[in-house]
Structure formats: C-alpha cells, structure tokens
1. Compute the distance in nm between two label points, each set 7 Å from the Cα along the Cα-to-Cβ direction, one at Thr242 and one at Leu187.
2. Could you work out [θ]222 nm for the chain from helices alone, using -39500 (n - 2.57) per DSSP H run of at least four and dividing by all its residues? Round to the nearest 500 deg cm²/dmol.
3. For Glu258 and Asp111 in one chain, what is 0.36 nm times their gap in residues minus the Cα-Cα distance, to one decimal in nm?
4. Over the heavy atoms of Ile134, what accessible area does a 1.4 Å probe trace out, to the nearest 10 Å²?
5. What are the ³J(HN,Hα) values, in whole Hz, obtained from phi via the Karplus relation 6.51 cos²θ - 1.76 cosθ + 1.60 with θ = phi - 60°, for each residue of region 137-153 in sequence order, with x given for Gly and Pro?
6. Which FRET efficiency value, to the nearest 0.05, do you get for Asp74 and Ser24 by plugging their Cβ-Cβ distance into 1/(1 + (r/R0)^6) with R0 = 22 Å?
7. Considering only protein heavy atoms, what per residue accessible area in square angstrom results for the chain with a 1.4 angstrom probe?
8. Got a number for carbon plus sulfur as a percent of region 107-260's accessible area, 1.4 Å probe?
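The values are calculated or read from the model by the stated rules, or taken from the named source; none is laboratory data. Please read these numbers as outputs of a predicted model, since none were measured by experiment. Glycine gets a Cβ as well: all are built from the backbone with ideal geometry, and neighbour counts include every protein chain shown. SASA here: full protein model, heavy atoms, side chains in, ligands and nucleic acids out. Shrake-Rupley method; radii C 1.70, N 1.55, O 1.52, S 1.80 Å.
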Amino acid sequence: MNRKIIFILFSVFTLMNIYTQDFSDYIKDLENLYTISYKEISKKNSLYLSEQGQLVEFEGAFTVVGDGYFEVFDVKTGKKLYRRTGYLNFSDGKVYINCNYILKNDCSLKDTAVKNISISNKGIVTINYFNGEIDSFSIPLYKPTDKSINNFVGNGYQFSEVVQIESNGFKMNFIELSTVEKYSLILDMQQKLFEYLNTDKIEEVRFKYLETLLTQLWMMFLQEDSIKENILVDCDCISVKTQYSDNINQLIEKIKNELN
C-alpha cells in the first residue's frame, strides 16, 4: 500500500481516537441528562461527584440524602450494583427496588400479604403485614474509594472497592435527578472544540457543524427550562421525561455520531 495512503489512514484513525478519548466523559454526561441519580464524572480524576441532585416528589420511591450509595442485587444475575434511589416493592419475602433488584440479598422475610412498606430517614426499612406483624432491617451506605474502578451500568454503579460510611439520611416519596449541569457541560464542550480548531485537530466545516448542534442544544435547554411542567418519571424509576426530551435526545445522538 502506498505510504501516503497509509499515513492518511493512520491520521484519520488517530483523529477518531482523539475524539473518542477527549469527549467520552462529556458524551456519557449528555447521555445521562435525564437518568435518575446519575452523578457526572469529574474531567480531571474520574471520581464521581457527591453533589445532591434535584429532588422530585414521587410516591412510593425513596432516595439517599447527601453522599453514599446502597447495595442492590440483580434478580437475574445476582450481580451487585450501587444505587441512590428507587421504588419499593415487596414479593415472595423479598424487598425489591423497582422490579429488577433485590434490596437486601440475605434478608428472609415473611411471605405474607403486606399492608405497606416504608423507609425512615435513618435508613430503616419497615414492612407492616396485614396480620399485624412487623419486619424491619437497616440499609448501610457505601462510597467508592479513591482506588475504585467505577462504571455506570443501567441505573446503577459498579464499584471495584467501597468503604461503608455514616448515613446522612434518606427521604421517602422523592427521587433524585441527574447532577449533570447541562449549561456548564455545553460550555466545556465548546471550549474543547475551540482548542481543537486552534491546533488543527478538527476541520473547520466539522467544527461549525458541531458548534451549531451545541448551540441548538443550548436553545432547547432554555425552552425546556421556560416551561413549568410536571416531570414524568418512568415506572422503573430509571429516567425522567419532559416535553422537550425527545428533541434533545435527537440532538445528542447527532453530537455523539460526530464525536465517536
């Protein structure tokens, strides 16, 4: 193969790799704008931030207040995930978060009709049965260590190393939204694009197209924020939806396609 062609192909693949690496965190944040309890990743050290996301009322759900994550176990695989919010269910002597995760894997409860189930601000889950009996257990909280390898999977995190922490409390009948600050995210991405342009890492036509997409996304956010409407939560407490979510997600897909 001609050396010039090899050089061109190498340059193209290198540029694509630069895009993917430099924008991967931004893309992940964009994808999870509407994911419940998603914590954005610091662009410097890849540690999850501990800021509290916006709390929205949702009957039957609960969320962690302050720092920390609680353990859940996948019903099908048994794999452990860490989450911050969910909808309480009870079935077959187990407490579930939504329908896909068991809250406490080693907890044997009565397989009888349940009147109600709740969680206190101290993290005590209480199950009241129709026969008058009561069961309860506590939910410990954890956070990843500085050495932990952290991955966001579905609506929960995989941490390779955790440490148990003191609980700041739980809030019943609320869910926590994503902590991604969307306007700051766009500004950061625009700044990164300008850095590319100044070093000839991106052709001007592609730069202008991406800049246009980010501007459109900014305007869509402004439209979304101008409407005072109820946020719709899906039945599994995985994501929220607004009037503009579909259009915003379409723009995000276009940006992802350009940067991947």
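1. Roughly 1.8 nm, to one decimal.
2. My calculation for the chain gives -11000 deg cm²/dmol from helical runs alone.
3. 47.7 nm
4. Looks like 100 Å² after rounding.
5. Couplings: 7, 9, 10, x, 10, 9, 9, x, 7, 5, 8, 5, 8, 10, 9, 8, 10 Hz.
6. E(calc), rounded to 0.05, equals 0.30.
7. Dividing the accessible area of the chain by its residue count gives 55 Å².
8. C and S fraction of accessible area: 49 percent.
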